[in-house]
Amino acid sequence: MSGTHVPAQPGEGEERPRLRKEPAAPAPGPLPATPPAASETTRLLCAGTYLDDTFRDAVIDELYVHEERFAAPSLGIDAARVLAHALRARRLELGWSAAILLAWVVSLPLSMGLTLAYVGPVVLLGLGRFARRLAPAVWFARFLAFVLRWYGRIWLAVFLAGMVLGAFASTWANVLPVLSPFALVSALFSESGALGSSGGGWSVPDGGASVPDLGFPYLVAVWVTIALPVLVAALVALQRGQFARSLDRELSPAAFRDVLSDPAERAEGLRFQRLRERIRIEQHGPLVMYRPGDPFCGAGEPFKPWSLSVELVPRADGPAVPLDNGEILARIVPLVEALRVPSGSPETAAAVRDRLRSLEIDQCVFLPADGLPTRAAAPYDPAAFEEHRTAALEEGGETRRHFLRIRVGGWHEGVVTTVFVRVHTQGGMLMMEVAPHVLWPLRPLFQNADRIAHQYRHHHRFGRAVWAFTHSPRAAAEAVLTLLRGLGGAWGRATEGHGAALPEGPAVSIRELAATDDASLFQSMDVARYLKTVQQRVAAGVKSALHDAGYQTAEFEQRIVHVADGGVYVESAQGAVGIGDHNTITHTGDPTPKSDAASPKGRS
């Protein structure tokens, strides 16, 4: 922008005051980085292992059972700490499940088998939940779920009413028929309203004639039957309370920052200690051991990757010099690093909280895991990695690939934007590959962990009791499934031989497993801003390298405008056509670089 001279006004000197003061201090550096083990996203992932058993089992299976697999890159999180809490959560759940199942087993002989009558209502309630989840949008499924749930609830209520009547009746023999819920229902709807059974020989005579008293054992059986749901509900409430206390103590935002005092890591055995060190070496290093089917596992969802190739045509004003890949990257890196510096004055720059100030940039090498004898043979040693980096930078190989990795961790590492850049010159052509990836926010269940725990801790006793009783019918089935999964995992570790298997790349990323694609508009806008800003600087670095090496840049500028914005550049004899998401951009004849005519999606 050109300035305009304004003459001095009356009363002013010839020297006009400046709009800004002279810089009193150098521009502030990058924002202090939060260690991945202490990030907010790591904390919520640890909390998620207590809330979601499916996620917890996936974490244990990937990082603990399959010890032959390399850990996926964990951008902004510490997978080892998540694994520690997953193992602790499973150990606690196994303990609570064993206690619930033990209560059922002990109650069977003490109740003379009466507690088996709970099985019918519990099965109906479970089928109702299953039918609702199977097809929640189908009216018939909703109706069937409604009928099953309420039939199970009525059955359970009638049975408990019979048990209470039996416990408080003066003579056990007179109320023995009500121990059957079907007999109680038939008595309630009989003409006389008397509790009895016409076919079994038991009745309550009108004159109050006495019948044999069945004695103390049946009194104990009825009280045990009544006490079982109360005991199970108490165990469910204690289990939930333990989770709430964990969120309030070791998983609180303040206590979680102290990584060394985390009780979850200290409580695990030698196998975990060995795997923990291995995971922490692999997850944040510049070497990425990948599985051929998913090389970018851990980086998130691909976000409009693109590539282009241009002819290296020397300019007419002088000779061109050979251009290596390293020289091009050397021009890109300082331009991208400059994004960390606020553009305002030093006085206001310190207050800038833009996540670009925490931008991370490094060079990484992708190596296939196939062919290694053991997991420990991967070249994570700095000297060995440097040899691979130097060789991969210029070779342009197929399996060993070098990338410039640019990462921005926004929303407390809840939204991670990563741009992988690869350049290669071959046969007088410049090939450029850009692969943006985005890790979207965690699932709402994980984000609401603190809210769930706070609500439970501060709820009144009646509300907590109601919650426990409504969740106790499913507790027995869940306890059996939990114990079976624990037994199956132990059996698999003992018999499947994962420790002696050949190394494999990561099958899944625990950060990707916990992500949802339901990002807010603010988060989507931030991702778009980070990507456009970084890609523009990358393009500027490549253009600068081409120009300084003596090559023409007009063709590169024309193509980068359209391709980097998500369009497709098609060359023709008359010129070029750039096809965007909802528009068509044409360029004919004029080799002069054009402005950014490829509109982003949603704009015309």
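The values are calculated or read from the model by the stated rules, or taken from the named source; none is laboratory data. Keep in mind the model is a prediction, meaning the values are calculated, not measured. Cβ coordinates were reconstructed from backbone atoms using ideal geometry, including for glycine residues, and neighbour counts include every protein chain displayed.
The residue that is farthest from ALA545 (Cα to Cα), among those in region 386-426 that are modelled with pLDDT under 90 and assigned to a loop (DSSP other than H, G, I, E, B), is GLU398.
Candidates ARG537, ARG493, ARG511: the one that is modelled with pLDDT of 50 or more and farther than 25 Å from LEU45 by Cα is ARG537. Only a single criterion out of (1) surrounded by 12 or more Cβ atoms within 10 Å (Cβ to Cβ); (2) at pLDDT below 90; (3) not acidic (Asp, Glu) is not satisfied by PHE272, namely (2).
Annotation: of all residues in region 505-522 being touching a Phe, Trp or Tyr at 6+ places or on another chain (Cβ under 7 Å) and crowded, with 18+ Cβ neighbours inside 10 Å, the one that is farthest from LEU445 (Cα to Cα) is GLY505.
Over 29 Å from ALA299 (Cβ atoms) and either out of contact with any Cys (no Cβ under 7 Å at 6 or more places or on another chain) or modelled with pLDDT of 50 or more (or both): does that describe SER520? Considered against the rule, which asks whether it is over 29 Å from ALA299 (Cβ atoms) and either out of contact with any Cys (no Cβ under 7 Å at 6 or more places or on another chain) or modelled with pLDDT of 50 or more (or both), SER520 comes out as no.
With the condition kept exactly as written, say whether any residue in region 332-343 is over 32 Å from the mean Cα position of the chain (by Cα), under 25 Å from HIS412 (Cα atoms), modelled with pLDDT under 90 and surrounded by fewer than 13 Cβ atoms within 10 Å (Cβ to Cβ). Yes, there is a match, as at least one residue in region 332-343 is over 32 Å from the mean Cα position of the chain (by Cα), under 25 Å from HIS412 (Cα atoms), modelled with pLDDT under 90 and surrounded by fewer than 13 Cβ atoms within 10 Å (Cβ to Cβ).
Can you find even one residue in region 447-456 that is surrounded by 19 or more Cβ atoms within 10 Å (Cβ to Cβ) and within 30 Å of ARG56 (Cα to Cα)? Yes, region 447-456 contains at least one residue that is surrounded by 19 or more Cβ atoms within 10 Å (Cβ to Cβ) and within 30 Å of ARG56 (Cα to Cα).
Taking (1) without any contact (Cβ under 8 Å) to a residue 12 or more places away in the chain; (2) buried (at least 23 other Cβ atoms within 10 Å of the Cβ); (3) among the aliphatic types (A, V, I, L, M) in turn, ALA71 satisfies each apart from (1). Residues in region 449-472 that are small (Gly, Ala, Ser) and within 27 Å of the chain's Cα centre (by Cα): ALA449, ALA453. Taking the numbered list (1) in contact (Cβ under 8 Å) with a residue 12 or more places away in the chain; (2) in the same structural domain as GLY414 (by TED's automatic domain parsing) in turn, PRO506 passes all entries but (2).
Yes/no per residue for (1) in contact with a helix residue (DSSP H, G or I) (Cβ under 8 Å, 6 or more places away or on another chain); (2) surrounded by 14 or more Cβ atoms within 10 Å (Cβ to Cβ):
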site	(1), (2)
SER107	yes, yes
LEU124	yes, yes
PHE143	no, no
PHE146	yes, no
ARG149	yes, yes
GLY152	yes, yes
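LEU546 falls short on exactly one of the conditions (1) in contact with a helix residue (DSSP H, G or I) (Cβ under 7 Å, 6 or more places away or on another chain); (2) of a type outside the set (Gly, Ala, Ser); (3) at pLDDT below 90, and that condition is (3).
One line per residue, one yes/no per condition, for (1) in the same structural domain as LEU94 (by TED's automatic domain parsing); (2) assigned to a helix (DSSP H, G or I); (3) hydrophobic (A, V, I, L, M, F, W, C):
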{"residue": "HIS437", "(1), (2), (3)": "no, no, no"}
{"residue": "ASP450", "(1), (2), (3)": "yes, yes, no"}
{"residue": "GLN455", "(1), (2), (3)": "yes, yes, no"}
{"residue": "ALA465", "(1), (2), (3)": "yes, yes, yes"}
{"residue": "ALA468", "(1), (2), (3)": "yes, yes, yes"}
{"residue": "GLU478", "(1), (2), (3)": "yes, yes, no"}
{"residue": "LEU481", "(1), (2), (3)": "yes, yes, yes"}
{"residue": "ARG485", "(1), (2), (3)": "yes, yes, no"}
{"residue": "GLY492", "(1), (2), (3)": "yes, yes, no"}
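Just one of the numbered conditions (1) under 30 Å from GLY120 (Cβ atoms); (2) in contact with a Lys or Arg (Cβ under 6 Å, 6 or more places away or on another chain); (3) not small (Gly, Ala, Ser) is not true of ARG464: (2). Applying the criterion of being aromatic (Phe, Trp, Tyr) and within 22 Å of the chain's Cα centre (by Cα) to the residues of region 214-269, the residue that is surrounded by the fewest Cβ atoms within 10 Å (Cβ to Cβ) is PHE243.
Among the residues making up region 446-468, those that are among the hydrophobic types (A, V, I, L, M, F, W, C) and either at pLDDT below 85 or under 18 Å from PRO253 (Cβ atoms) (or both) are PHE446, ALA449, ILE452, ALA453. Pairs linking a residue in region 390-410 that is closer than 15 Å to ILE328 by Cα and touching a residue at least 24 places away in the same chain (Cβ under 8 Å) to a residue that is loosely packed, with under 13 Cβ neighbours inside 10 Å and of a type in the set (S, T, N, Q), with Cβ atoms under 8 Å and 6 or more positions apart or on different chains, are GLY396/GLN426.
Just to be sure before I move on: is VAL82 farther than 30 Å from HIS284 by Cβ, of a type in the set (Val, Ile, Thr) and modelled with pLDDT of 85 or more in the structure I sent?
Working: farther than 30 Å from HIS284 by Cβ: no; of a type in the set (Val, Ile, Thr): yes; modelled with pLDDT of 85 or more: yes.
Here the answer is no, as VAL82 does not meet what is asked.
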